[in-house]
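Okay, structure first, notes after.
The values are calculated or read from the model by the stated rules, or taken from the named source; none is laboratory data. Everything numeric in this text was worked out from a predicted model, so none of it was measured. Cβ sites come from the backbone with ideal geometry, for glycine too, and all protein chains shown count toward neighbours.
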Amino acid sequence: MAKISDQISTLPLDQVAKRADRSQVKDRHFIPEPYKNVAEGMEKQFAEYMLEQMDNSVDRADDSNSATDYYDSVMREQRADVMAKNSELGLQKTILDQIYPERMRNQFAYQRFLNSKPAIKKQSPTIGQPTTNNVSDKVSNGGSNE
């Protein structure tokens, strides 16, 4: 009986890569970018929290100061970012399965999402724009009600 590792090593390199791609989300190209960004961001948050808890579990002999704390937090954030971009933890697949189910991953649903983007932008209020004239009157006199 052949071992699994023997079977993989005899396959051409492109077929091994295809097998690795199968572990990713099916029809990933039909998932809109905002959903992918949310899943990646959530995995990054989890990885950063996990790395922080791992750092807290280690006893350090030297006293830390604000500079080393800042450096450690920046390094933790960068490590978490790399882990999320490479999807090393595998949480993105689970998150995408929950927020964008497989039944939605088809060309029709993706095209409908792309067509609805201009309508969404028209309906959303712009940030920093006053909605009524009363707000601009209050701003012009320093915000007082006189």
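Structural remarks
- Test: residue in segment 57-71 that is of a type outside the set (Lys, Arg) and in contact with a Lys or Arg (Cβ under 8 Å, 6 or more places away or on another chain): no
- Scanning segment 98-109 for residues that are assigned to a helix (DSSP H, G or I) and under 12 Å from residue 38 (Cα atoms) yields a total of 2.
- Single residue of segment 58-85 satisfying the filter (at pLDDT 90 or above and polar (S, T, N, Q)) that is surrounded by the most Cβ atoms within 10 Å (Cβ to Cβ): 73
Residue by residue, here is whether (1) of a type outside the set (Lys, Arg); (2) in contact with a Phe, Trp or Tyr (Cβ under 9 Å, 6 or more places away or on another chain); (3) assigned to a helix (DSSP H, G or I); (4) at pLDDT 75 or above holds:
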{"residue": "87", "(1), (2), (3), (4)": "yes, no, no, yes"}
{"residue": "96", "(1), (2), (3), (4)": "yes, yes, yes, yes"}
{"residue": "111", "(1), (2), (3), (4)": "yes, no, yes, yes"}
{"residue": "114", "(1), (2), (3), (4)": "yes, no, yes, yes"}
{"residue": "118", "(1), (2), (3), (4)": "yes, no, yes, no"}
{"residue": "125", "(1), (2), (3), (4)": "yes, no, no, no"}
{"residue": "131", "(1), (2), (3), (4)": "yes, no, no, no"}
{"residue": "136", "(1), (2), (3), (4)": "yes, no, yes, no"}
{"residue": "139", "(1), (2), (3), (4)": "yes, no, yes, no"}
